[in-house]
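Chemist: The following block contains the structure, expressed as structure tokens.
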Amino acid sequence: MTQLDQTEGQSPFPVVNNSDRAAIEAAADNASAIGGGLPIIQYWAQKTLSPQGPQIWQTLFHKSACLSCAWGTGRQNGGFINELEEPLQRCMKSVQAISSELQPGLSDHFFARHTISELQQLTSREADRLGRLSFPVIHRAGSDHYEPISWEEIYQLTTAGFSLPPERVASYSSGRSSNEAAFLLQLMVRALGSNNLADCSDLCHAPSTVSLNKVFGTSTSLVSLESLRQADCVVLVGSNAPANHPRLMNELIELRDRGGKVLVINPVKEVGLVKFGSPAHPLRLVQGEEIASLFLQPIPGSDLALFVGIQKVLLERGWVQFDYLKAHTENWQAVIEQVAATGWEAIVATCGVTLTEIVAAAEMIHSCQNVVFAWAMGITHQANSVDNIFSIANTALMTGNIGKPGAGMMPIRGHSNVQGFGSMGVTAHLKDSIREALEKLLGKSLKREPGYDARALIEASDRGEVDTLLCLGGNLYAANPDLTQAKRALGNIDTIIYLATKPNQGHFHGLARQNTIIVPVYARFENPHKTTVESGNNFVRFNSPGKTHLKEADLVTEIDFLAELAHRLHGDQPIDWRRLHDTRYVRQLIAQTIPGYEKIGEIDDTNAEFTINGRIFLEPTFPTPSGKAEMQPTPLPTLTLPTLQDFGLSAAQPALVLALITGRSYGQHNTVVYKEADKYRGMPHRHCILMHPDDAQRAGFSQHQRVSVRGDAGQLDGIEIIFGEVRSGAALMFYPEANVLMKARIEPRAGTPAYKRVPVAIFAGAV
């Protein structure tokens, strides 16, 4: 493999010799009995005592929100402080993200020395470790290199691209940027007459938005951090919080300390959800704290059946809060009738959880006064994800656990400002209230028809119906199922503009037909503007200005790039687009147009961060037409798997079909990989499949054997079998590498792919 040079002279291709591999595998085979613990301290010491350490500490204390998950901390009055004024609220993922952004910049000869063909061989981790993007480049049709480009040519090409018919232009965004950039992006695109505002949330929590809005008239968490502190039970479904939202683990530890209970539902028995050691609780850092009071492992995709089972126990034992349902819900009779008519045999067969376990779960929920129901992508990445969340909502309503302190529905969002982008109107399905406010601001009617969400954008591009795409962060290529289709679809677009801080695989595989432009931008803590972001619990944080460590870099802020582009497209009508370089002015426009964000118009004067109005429900009155929650019946899913013959394999050969869960490793954030090994799952590298020993032995496979894994879109060879605590009939592989296996099975109401139940065949094939 060709070794690419870096500014520090390091190869992005780490060479793993035999002794190193043995050490990695030994660490994996002796995986810690707890999540977190001393390895967190060791990692902090390794990073903060390194030559990069002073920069990391300076950034950790910078007054800006965490770069990582939507539970991340960081406030105007201190980088370690959360919304309840509590100190020491930083996690290892925050350090990983900061360290990655503090890499040296790419040298001006880097792209001249390395071809696209070479760069396409890089893994996600290798691409990230190349360093920071520090000057703008373009890939032109017919070339095998990126080359430098002037800012004037960038604006000319981008302006020309966005001057085409509005139905043929689109944007895609991630939660890495600010509310101000998000608002400006959607305002610019909608003023063109396009609603093609795809977002990374389309690929993760769109089902949460759809289902919560249908039932409660709101699309975000109904629970604040303060309210969570009043819960005596958390039902945590389809989440690997120890890896993806470590700060949430402190809340679960403290809940257990005050006598509360945690019901964990996950097909994979993650060690950190059994026991976790947090640096915020140093006396139990080594031994850890028990997290799960009860751990259930359903068949992937069957969570709905499990919740219907819990509801059936509540109904049969007289524990349903009928007075609450009659006073505060609609359509409850249909839900109760469906639960009563659903037989136990079908429930148990569908979810794969015993009746005894279902009863224990129902008893736990009933025994608690205040229950928070939380979920992540194990719920949303299913073909029936909207119904999944309906079933959780029904359970919460049947027990009276909505609309009071310490109770409610709490989707656990991923990227740190992904919820803020939705609030700002970056969506293909704009709320009427925001549209009407934007029409007043722009002085004209806006298009009513929905635009492209992320999957619809890929499908339209695959049909040749998109000419120009601007990507504000993210990695649209790698985040999609069927990477072959994603690459082909992006290759049908004439012009793609990527705004990014670091290279990723999408910059090398997601090449446009004519011009692919990479625009280097500032990281959040470097941004010279004051900006805001929104947490997953509806709290708006105010980020102070910063400066970059890249002394000679030619960077632009996202705000400045979008404001200049908008001015070139729209002139000075119907608003002064160049005035949008001033983020204070942008915040004043947000206050005028985004419901609940009225206080942002004064934040420059008050410095007062705030919880968004109208989202936290402490009484059971909801912004639905009736003021009541609208319960939804939830039919049991039919969960079957193809046969070996469906994959073109013989039933006589050593092979089996499993439901594959694709997920992130413990050393990963979205598509960015920080560590190749995942010691908590005992997986020494990223080309592994985690299987139940009984499944492997039934097919005649042994641990560490190399096999082939085939889906309906592709095949991966040389995959190492690792035995782990995944339920029988299921398996786990890492995203995004496994995305090549699957075609997109879409939840039609939300547009989100079923990444967590992918039928695959495992067989002894090519190595």
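Chemist: If you go through the stretch 252-267 one residue at a time, do you hit one that is farther than 26 Å from residue 366 by Cβ, assigned by TED's automatic domain parsing to the domain that holds residue 304 and out of contact with any strand residue (DSSP E or B) (no Cβ under 8 Å at 6 or more places or on another chain)? Break it down stepwise before answering.
Modeler: Initial filter on the stretch 252-267 (farther than 26 Å from residue 366 by Cβ): none.
No.
Chemist: Do you know which residues across the stretch 532-558 are under 23 Å from the mean Cα position of the chain (by Cα) and on the phi < 0 side of the Ramachandran plot? If you could, list the steps in order and put the result at the bottom.
Modeler: Filtering the stretch 532-558 down to residues under 23 Å from the mean Cα position of the chain (by Cα) leaves 532-543, 558.
Scanning the stretch 532-558 gives 532, 533, 534, 535, 536, 537, 539, 540, 541, 542, 543, 558.
Chemist: Moving on. Give the residues of the stretch 640-653 that are surrounded by 14 or more Cβ atoms within 10 Å (Cβ to Cβ) and out of contact with any Lys or Arg (no Cβ under 9 Å at 6 or more places or on another chain), sorted by residue number.
Modeler: Filtering the stretch 640-653 for residues surrounded by 14 or more Cβ atoms within 10 Å (Cβ to Cβ) gives 641, 644, 647, 649.
Passing the criteria: 641, 644.
Chemist: Follow-up. What about residue 665, is it assigned to a loop (DSSP other than H, G, I, E, B) and more than 25 Å from the chain's Cα centre (by Cα)? Please lay out each step first, then the result.
Modeler: On the way: assigned to a loop (DSSP other than H, G, I, E, B): yes; more than 25 Å from the chain's Cα centre (by Cα): no.
No: the conditions fail for residue 665.
Chemist: Within the stretch 595-617, take every residue that is surrounded by 15 or more Cβ atoms within 10 Å (Cβ to Cβ) and hydrophobic (A, V, I, L, M, F, W, C) and give me the one that is farthest from residue 584 (Cα to Cα). Break it down stepwise before answering.
Modeler: Within the stretch 595-617, the subset surrounded by 15 or more Cβ atoms within 10 Å (Cβ to Cβ) is 595-597, 599-601, 603, 609-612, 615-617.
Right, trim to hydrophobic (A, V, I, L, M, F, W, C) and you get 600, 603, 610, 612, 616-617.
Working: 600: 9, 603: 9, 610: 16, 612: 18, 616: 26, 617: 30 Å.
Going through the qualifying residues, I end up with 617.
Chemist: Something else: Which of (1) in contact with a Lys or Arg (Cβ under 7 Å, 6 or more places away or on another chain); (2) farther than 24 Å from residue 748 by Cβ; (3) buried (at least 21 other Cβ atoms within 10 Å of the Cβ) does residue 491 not meet, given it meets every other one?
Modeler: So residue 491 meets the others, but not (3).
Chemist: Tell me the helices (runs of 4 or more DSSP H) entirely within the stretch 368-423 that contain at least 3 residues that are buried (at least 24 other Cβ atoms within 10 Å of the Cβ), polar (S, T, N, Q) and touching a residue at least 60 places away in the same chain (Cβ under 8 Å). Walk me through it before giving the result.
Modeler: Details: elements: 377-380, 385-398, 418-423.
Here the list reads 385-398.
Chemist: If you don't mind, there's one more thing I want to ask. Mind checking which residues of the stretch 733-765 are under 12 Å from residue 482 (Cβ atoms), over 18 Å from the mean Cα position of the chain (by Cα) and buried (at least 22 other Cβ atoms within 10 Å of the Cβ)?
Modeler: Answer for the stretch 733-765, where residues must be under 12 Å from residue 482 (Cβ atoms), over 18 Å from the mean Cα position of the chain (by Cα) and buried (at least 22 other Cβ atoms within 10 Å of the Cβ): 741, 742, 758.
Chemist: Let me ask another. Sort out for me the strands (runs of 3 or more DSSP E) sitting completely within the stretch 87-175 that have 2 or more residues that are in the same structural domain as residue 185 (by TED's automatic domain parsing), under 23 Å from residue 737 (Cα atoms) and within 23 Å of the chain's Cα centre (by Cα).
Modeler: Working: elements: 137-140, 146-148, 169-173.
Filter on the stretch 87-175 gives 169-173.
Chemist: Could you list, in sequence order, the residues of the stretch 450-478 that are out of contact with any helix residue (DSSP H, G or I) (no Cβ under 7 Å at 6 or more places or on another chain), of a type outside the set (Gly, Ala, Ser) and part of a helix (DSSP H, G or I)?
Modeler: The answer is 457, 459.
Chemist: Examine the stretch 447-462 for a residue that is of a type in the set (S, T, N, Q) and touching a Gly at 6+ places or on another chain (Cβ under 8 Å), and state whether such a residue exists.
Modeler: no
Chemist: Kindly check whether there is at least one residue in the stretch 745-752 that is in contact with a strand residue (DSSP E or B) (Cβ under 6 Å, 6 or more places away or on another chain) and outside any strand (DSSP E or B).
Modeler: No: the stretch 745-752 contains no residue that is in contact with a strand residue (DSSP E or B) (Cβ under 6 Å, 6 or more places away or on another chain) and outside any strand (DSSP E or B).
Chemist: Hey, among 533, 586, which residue is in contact with a Leu (Cβ under 7 Å, 6 or more places away or on another chain) and either over 28 Å from residue 101 (Cα atoms) or among the aliphatic types (A, V, I, L, M) (or both)? Reasoning before the result, please.
Modeler: Numbers: 533 fails: in contact with a Leu (Cβ under 7 Å, 6 or more places away or on another chain).
Selected residue: 586, the only one of 533, 586 that is in contact with a Leu (Cβ under 7 Å, 6 or more places away or on another chain) and either over 28 Å from residue 101 (Cα atoms) or among the aliphatic types (A, V, I, L, M) (or both).
So that you can scan it fast, the table gives a plain yes or no per residue for (1) assigned to a helix (DSSP H, G or I); (2) over 22 Å from residue 416 (Cβ atoms); (3) of a type in the set (Gly, Ala, Ser); (4) not assigned by TED's automatic domain parsing to the domain that holds residue 175:
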position: 537; (1), (2), (3), (4): no, no, no, no
position: 548; (1), (2), (3), (4): no, no, no, no
position: 552; (1), (2), (3), (4): no, yes, no, no
position: 561; (1), (2), (3), (4): yes, no, no, no
position: 565; (1), (2), (3), (4): yes, yes, no, no
position: 572; (1), (2), (3), (4): no, yes, no, no
position: 580; (1), (2), (3), (4): yes, yes, no, no
position: 586; (1), (2), (3), (4): yes, no, no, no
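Chemist: Residue 543: modelled with pLDDT under 95, of a type outside the set (A, V, I, L, M, F, W, C), touching a Leu at 6+ places or on another chain (Cβ under 8 Å) and over 23 Å from residue 441 (Cβ atoms), yes or no?
Modeler: Values: modelled with pLDDT under 95: yes; of a type outside the set (A, V, I, L, M, F, W, C): yes; touching a Leu at 6+ places or on another chain (Cβ under 8 Å): no; over 23 Å from residue 441 (Cβ atoms): yes.
Spelling it out, it is not the case that residue 543 is modelled with pLDDT under 95, of a type outside the set (A, V, I, L, M, F, W, C), touching a Leu at 6+ places or on another chain (Cβ under 8 Å) and over 23 Å from residue 441 (Cβ atoms).
Chemist: Right, next: Test each condition in (1) surrounded by fewer than 21 Cβ atoms within 10 Å (Cβ to Cβ); (2) under 27 Å from residue 216 (Cβ atoms); (3) not hydroxyl-bearing (Ser, Thr, Tyr) for residue 343 and report the one that comes out false.
Modeler: (2)
Chemist: Could you go through the stretch 596-615 and let me know if any residue there is in contact (Cβ under 8 Å) with a residue 40 or more places away in the chain and under 23 Å from residue 473 (Cα atoms).
Modeler: No, that holds for no residue.
Chemist: Considering only residues that are surrounded by fewer than 16 Cβ atoms within 10 Å (Cβ to Cβ) and among the acidic types (Asp, Glu), look in the stretch 297-335 and name the one that is farthest from residue 265 (Cα to Cα).
Modeler: Filtering first and then ranking leaves 323.
Chemist: Could you pull out the residue among 316, 345, 289 that is without any contact (Cβ under 8 Å) to a residue 60 or more places away in the chain and within 27 Å of the chain's Cα centre (by Cα)? Talk me through it step by step, then tell me what you get.
Modeler: Numbers: 316 fails: within 27 Å of the chain's Cα centre (by Cα); 345 fails: within 27 Å of the chain's Cα centre (by Cα).
Of the residues listed, the single one that is without any contact (Cβ under 8 Å) to a residue 60 or more places away in the chain and within 27 Å of the chain's Cα centre (by Cα) is 289.
Chemist: If you check 662, 634, which single one turns out to be hydroxyl-bearing (Ser, Thr, Tyr), in contact with an Asp or Glu (Cβ under 6 Å, 6 or more places away or on another chain), crowded, with 19+ Cβ neighbours inside 10 Å and under 30 Å from residue 216 (Cβ atoms)? Please lay out each step first, then the result.
Modeler: Working: 662 fails: in contact with an Asp or Glu (Cβ under 6 Å, 6 or more places away or on another chain).
The conditions single out 634.
Chemist: Right, something else. Scan 336, 291 and give me the residue that is under 19 Å from residue 399 (Cα atoms), at pLDDT 95 or above and not assigned by TED's automatic domain parsing to the domain that holds residue 727. Spell out the reasoning first.
Modeler: Values: 291 fails: under 19 Å from residue 399 (Cα atoms).
From the options 336, 291, the qualifying one is 336.
Chemist: Quick one: which residue in 107, 32, 68 is small (Gly, Ala, Ser), at pLDDT below 80 and in contact with a Ser or Thr (Cβ under 9 Å, 6 or more places away or on another chain)? Full working, then the answer.
Modeler: Numbers: 107 fails: at pLDDT below 80; 32 fails: in contact with a Ser or Thr (Cβ under 9 Å, 6 or more places away or on another chain).
The match here is 68.
Chemist: Here is a follow-up. Taking the stretch 184-212 on its own, how many of its residues are of a type in the set (A, V, I, L, M, F, W, C), closer than 17 Å to residue 415 by Cα and over 12 Å from the mean Cα position of the chain (by Cα)? Please lay out each step first, then the result.
Modeler: Narrowing the stretch 184-212 to residues of a type in the set (A, V, I, L, M, F, W, C): 184-185, 187-189, 191-192, 197-198, 200, 203-204, 206, 210, 212.
Keeping just the survivors that are closer than 17 Å to residue 415 by Cα gives 198, 200, 203-204, 206.
Next, from what is left, pick out any that are over 12 Å from the mean Cα position of the chain (by Cα): 198.
The qualifying residues number 1.
The values are calculated or read from the model by the stated rules, or taken from the named source; none is laboratory data. As the structure is a computational prediction, the values presented were derived from the model and not from experiment. Because the Cβ atoms are built from the backbone with ideal geometry, glycine has one as well, and the counts that use them run over all protein chains shown.
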